[in-house]
C-alpha cells in the first residue's frame, strides 16, 4: 500500500490502467478482513469527511459506501434528493459550491445524468467518486465484481465472461465490459437486440450474441442484469414472461458453461425474470460475496483517494 | 456615398450566369460605388476623382457580395432578454457580416400572432443595423395542433413560418400548413426529426454508446426529410429544410432536387466544421455542454457529406442557428444544459475555414450566405440596385472571447480558438453598420 494512487477521483474505468485496478483490488484484499473482525473499525481516515450525494434511490450502494467510510473512521454524511434542497430546484453547480464550503474530503455521487460526476469533479476541490451516473459508468460495481471474480478464479486474465440482459440501459455492463477487456477477458454480451445497442460491440470491443447458449458456452463467469418493468412500455420487450423464457438464467441453461462457472448479479434481483430463484440461491451464486466485496472495495477506494496515498485533486476550473 | 476599391466581387448576375441553386460564378476584381442607399455601379475600375463626394475605402484582398442573410437565429426578444435582445443580436449579426437576420418564433410569447410580429418589427426598427425579418409560428404556441394566422403574420412582416425546433409531426397538418403558407407567399421551414426514433438528443453512435448518452440515429432526420419532401410535392408548395445534419438527408435532398421538387435547405456552421467528438471537450471521457446542440453533431462522414452538399448546391444556404444562452443555462451536467451554440459572429469564419481548406469554392461560400438565402425568401439577389452589401476579409485573424463577442451568448466551443476570416464591412441600405477597421 505504499505506491501513491495516481488519480484524484474515481469517475470511470476508462481512466484506469490495469495497474490502477490491481492496486485497488490489492488494497481491498488488505481491508477485507476488517469487516469480519469483532471490532469492525480502523482509524485510517479519522478526521476525514465523506459526503454521499445520491440523486437516485439506492439502498445497497449507499449503505455500502456509508459502511466503508465508517469502518475507516471517516465521518460520513448522506444527502439524498428526497430530503435536500435539490427538490427546491437547486442546480448541481450550487450544490457543489455549497458542499464545498463544508470542506469534505470526498464526495460520492450517484446521478441520473451521464457525466454528472465529471461535472462535480470540475467544480469542487475535493475527490469525487462515481457511484453510478446515468447509463454511463458504475466503476465501484465493476471493481467489486472484479474482486469477487479474482477471489473465485484466482485471476482475471483471459476469462470468458457472459453479461446477459438489459445492456442498453446498464452502467454496470459498461463498466464491467471496460474493466474485463483491460484484462483480456473474452466478454460476451447476450440479449435481445432491443436491449443491446447497435454500436455496443464496437464501442466496447466485445462480442454480442442473440442467444444465451453460445454466449454461455465454456463461460467462467455469468452475470445477469436487472430487467426493469418500464422496458415493456418502451416496446423493448413484450413481456417479462417471454424474457424469462428466452434470456432468463437457470441451472439448465448453464449446462454449456464451465462446471465451476460462477453466477453474478449486481442486485436487486428479479427472481424468476432474469435469474431463476434456485440458481440465485445455489452453489454457483456469488451474489452475497459481491455485496461483501462491495464494502471492501469501497473502503479501498476511499482510502486510496483520501488517505496518505491519495493524489491531490486538481480543484475547480479557474481556481 | 462610398467607393470600395480593390476588392473581389462575387455576383452571378454580373457574369451573365444563370442564378439558382449551385450557382458558381467566380469572383472578379472590381470597384463598387454605393450612393443614395444602393449599389450604383460595379466596374473594373472607378476613379476617385470622378466621385469626389465618395468616402474612399481600400478593400483590396477582400470579397464583396450581396449582404448576408441569416435564415435562422434565435434573438430571444421578447421574453428572454437575459439571453439576447434584438439590439445585442443585431450588433452580433452586423459583426458577423449579416445585413439581415431571420428571427425564430420561439420567443415568449411565441410569435404566432400579429401583435408579437409588430413588437419585434417595431423594436428592431428603432435603431440602424441589420434588418430583422421575423419567422412566425406554423402552429399556435408551436403546439402542432392549429394553424397560426399566417395571412396577418405576412402582413405584419413575417417572411416565413416555422415551428422552430419543434417538428410539425402530424402529416395531414403539415400538408395543410404547406398549402396555407404558400397561399400567402410564406416560406415554410421545418426542423426534420421523427420523435419516435429520438430516444435522446445526442447522435446515436459508438461514442454516445460509450458515454451512456441517449441518442437519435441519422434516420430520425432522414425519415422525416423523406416524408416532408413527399408532402411538399403533394401540397405543391416549397419547403425549406432547416439545419440538415445527416449524410442521408443530403442524399435525399439531392435526389429530390434532381426530380424538380421545390425544396431548399440550410446547414449550420457547426455541423459543417465539427463532429460529435466536440462533446469530449478534448479528453477521452467528456461531457462538454457547449457542444450540445439540436440536431446533434454527428460523425466525420456526415460532416463530409454536408460540405459536399453545400459545395454542389444541394444545401443552398448556411444559416447560423444562433442560440445564445447565459452561463447558468449551459454550465451544468450535460442532460440539464440548454441546446444550442452562439454562432452569429463565428459563422463567417467557419465557412471561410472551409474555403481555405479547399473544401468549398469562395463563390459558393458567398452565394450560400448572400444570394441563396435571398432566393429562398424571394428577396433581391446580386449587388447592383440594392443597398445591402457584405465585405469579407478572408485573411483577418481573430479570437472570439467572452469580452469581445457582441452577443450576450458566450456559449460557443470556439471561445478562445484563433479563427481566420471575418467581416470587414457590413452595409445596410447603403450605410455602414459595422466597420472592422474603424472599431
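The values are calculated or read from the model by the stated rules, or taken from the named source; none is laboratory data. For clarity, every value in this text was computed on a predicted model and none was experimentally measured. For neighbour counting, all protein chains shown are included, and Cβ atoms are generated from backbone atoms with ideal geometry for every residue, glycine included.
Looking at region A:129-154 only, could you name the residues that are more than 14 Å from chain B (Cβ to nearest Cβ) and either without any contact (Cβ under 8 Å) to a residue 12 or more places away in the chain or within 24 Å of residue B:287 (Cβ to Cβ) (or both)? I'd like the intermediate steps shown before the answer.
Filtering region A:129-154 down to residues more than 14 Å from chain B (Cβ to nearest Cβ) leaves A:129, A:131, A:140, A:143-154.
The answer is A:129, A:131, A:140, A:143, A:154.
How do the strands (runs of 3 or more DSSP E) wholly within region B:1-111 filter down when requiring 1 or more residues that are surrounded by fewer than 20 Cβ atoms within 10 Å (Cβ to Cβ): which remain? Walk me through it before giving the result.
On the way: elements: B:2-10, B:28-35, B:38-43, B:55-58, B:63-66, B:68-73, B:98-103.
In region B:1-111, the matching strands (runs of 3 or more DSSP E) lie at B:2-10, B:28-35, B:38-43, B:55-58.
Which condition from (1) modelled with pLDDT of 95 or more; (2) under 27 Å from the mean Cα position of the chain (by Cα); (3) on the phi < 0 side of the Ramachandran plot is the one that residue B:28 breaks?
So residue B:28 meets the others, but not (1).
State yes or no: is residue A:93 within 14 Å of another protein chain (Cβ to nearest Cβ), within 21 Å of residue A:268 (Cα to Cα), touching a helix residue (DSSP H, G or I) at 6+ places or on another chain (Cβ under 7 Å) and touching a residue at least 24 places away in the same chain (Cβ under 8 Å)? If you could, list the steps in order and put the result at the bottom.
Values: within 14 Å of another protein chain (Cβ to nearest Cβ): yes; within 21 Å of residue A:268 (Cα to Cα): no; touching a helix residue (DSSP H, G or I) at 6+ places or on another chain (Cβ under 7 Å): yes; touching a residue at least 24 places away in the same chain (Cβ under 8 Å): yes.
It is false that residue A:93 is within 14 Å of another protein chain (Cβ to nearest Cβ), within 21 Å of residue A:268 (Cα to Cα), touching a helix residue (DSSP H, G or I) at 6+ places or on another chain (Cβ under 7 Å) and touching a residue at least 24 places away in the same chain (Cβ under 8 Å).
Here is a list of conditions, (1) over 21 Å from residue B:106 (Cβ atoms); (2) assigned to a helix (DSSP H, G or I); (3) free of Cβ contacts under 8 Å to residues at least 40 places away in the same chain, and residue B:251 meets all of them except one; can you say which number that is?
Residue B:251 satisfies every listed condition except (3).
Out of everything in region B:174-205 that is within 14 Å of chain A (Cβ to nearest Cβ) and part of a strand (DSSP E or B), what residue ends up being nearest to residue A:11 (Cα to Cα)?
Per the criteria, the residue is B:202.
Kindly establish whether residue B:244 is part of a helix (DSSP H, G or I), within 23 Å of residue B:373 (Cα to Cα) and away from chain A (no Cβ under 14 Å).
Values: part of a helix (DSSP H, G or I): no; within 23 Å of residue B:373 (Cα to Cα): yes; away from chain A (no Cβ under 14 Å): yes.
No, not satisfied.
This table checks each residue for (1) more than 14 Å from every other protein chain (Cβ to nearest Cβ); (2) farther than 20 Å from residue A:102 by Cα.
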position	(1), (2)
A:9	no, no
A:12	no, yes
A:28	yes, yes
A:37	yes, yes
A:42	yes, yes
A:47	yes, no
A:56	no, yes
A:65	yes, no
A:73	yes, no
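Is it true that some residue in region B:206-223 is more than 13 Å from chain A (Cβ to nearest Cβ), assigned to a loop (DSSP other than H, G, I, E, B) and free of Cβ contacts under 8 Å to residues at least 40 places away in the same chain?
no
Kindly provide the set of residues from region B:150-168 that are more than 21 Å from the chain's Cα centre (by Cα) and either surrounded by fewer than 16 Cβ atoms within 10 Å (Cβ to Cβ) or closer than 26 Å to residue B:296 by Cα (or both), ordered by number.
Of everything in region B:150-168, those that are more than 21 Å from the chain's Cα centre (by Cα) and either surrounded by fewer than 16 Cβ atoms within 10 Å (Cβ to Cβ) or closer than 26 Å to residue B:296 by Cα (or both) turn out to be B:151, B:155.
Of everything in region A:119-128, what is buried (at least 24 other Cβ atoms within 10 Å of the Cβ) and at the interface with chain B (Cβ under 10 Å from one of its Cβ atoms)? Give them in sequence order.
A:119, A:120
Only one of (1) surrounded by fewer than 24 Cβ atoms within 10 Å (Cβ to Cβ); (2) touching a residue at least 40 places away in the same chain (Cβ under 8 Å); (3) in a helix (DSSP H, G or I); (4) away from every other protein chain (no Cβ under 13 Å) is not met by residue A:98, so which one is it?
For residue A:98, the exception is condition (2).
Can you tell me which residue is surrounded by the most Cβ atoms within 10 Å (Cβ to Cβ) among those in region B:134-149 that are within 20 Å of residue B:86 (Cα to Cα) and free of Cβ contacts under 8 Å to residues at least 40 places away in the same chain? Walk me through it before giving the result.
Step one: of region B:134-149, the residues within 20 Å of residue B:86 (Cα to Cα) are B:134-137.
Right, trim to free of Cβ contacts under 8 Å to residues at least 40 places away in the same chain and you get B:134, B:137.
Numbers: B:134: 26, B:137: 28.
Filtering first and then ranking leaves B:137.
Here are some conditions: (1) in contact with a strand residue (DSSP E or B) (Cβ under 6 Å, 6 or more places away or on another chain); (2) surrounded by fewer than 24 Cβ atoms within 10 Å (Cβ to Cβ). Residue B:395 meets all but one. Which one does it not meet?
(1)
Only one of (1) touching a residue at least 12 places away in the same chain (Cβ under 8 Å); (2) exposed (fewer than 13 other Cβ atoms within 10 Å of the Cβ) is not met by residue A:255, so which one is it?
That leaves (1) as the condition not met.
Find the residue count for region A:190-205, including only residues that are free of Cβ contacts under 8 Å to residues at least 40 places away in the same chain and away from every other protein chain (no Cβ under 11 Å). Before the answer, list the steps.
Looking only at region A:190-205, we keep the residues that are free of Cβ contacts under 8 Å to residues at least 40 places away in the same chain, and these are A:193, A:196-205.
Retained after the next criterion (residues that are away from every other protein chain (no Cβ under 11 Å)): A:193.
Qualifying residue count for the region: 1.
Which ranges mark the helices (runs of 4 or more DSSP H) fully within region A:203-294 that have 1 or more residues being over 21 Å from the mean Cα position of the chain (by Cα) and within 29 Å of residue B:213 (Cβ to Cβ)?
On the way: elements: A:212-216, A:230-233, A:240-247, A:277-281.
Answer list for region A:203-294: A:212-216, A:230-233, A:240-247.
Out of B:298, B:284, I need the residue that is out of contact with any strand residue (DSSP E or B) (no Cβ under 6 Å at 6 or more places or on another chain), within 14 Å of another protein chain (Cβ to nearest Cβ) and assigned to a loop (DSSP other than H, G, I, E, B). Which one? Explain how you work it out, then say what you get.
Working: B:298 fails: out of contact with any strand residue (DSSP E or B) (no Cβ under 6 Å at 6 or more places or on another chain).
Being out of contact with any strand residue (DSSP E or B) (no Cβ under 6 Å at 6 or more places or on another chain), within 14 Å of another protein chain (Cβ to nearest Cβ) and assigned to a loop (DSSP other than H, G, I, E, B) holds for just one of B:298, B:284, which is B:284.
When residues of region A:155-189 are filtered for being assigned to a loop (DSSP other than H, G, I, E, B) and within 14 Å of another protein chain (Cβ to nearest Cβ), how many remain? Can you show your working first?
Narrowing region A:155-189 to residues assigned to a loop (DSSP other than H, G, I, E, B): A:155-159, A:165-170, A:183-185.
From the residues that got through so far, the ones that are within 14 Å of another protein chain (Cβ to nearest Cβ) too are A:166-170.
Adding up the residues that qualify gives 5.
Please count how many residues of region A:35-59 are under 16 Å from residue A:71 (Cβ atoms) and surrounded by 14 or more Cβ atoms within 10 Å (Cβ to Cβ). Break it down into steps so the answer makes sense when it comes.
Going residue by residue through region A:35-59, those that are under 16 Å from residue A:71 (Cβ atoms) are A:35-50, A:52.
If we keep only those that are surrounded by 14 or more Cβ atoms within 10 Å (Cβ to Cβ) too, we end up with A:35, A:42, A:44-45, A:48-50, A:52.
Residues in region A:35-59 being under 16 Å from residue A:71 (Cβ atoms) and surrounded by 14 or more Cβ atoms within 10 Å (Cβ to Cβ): 8 in total.
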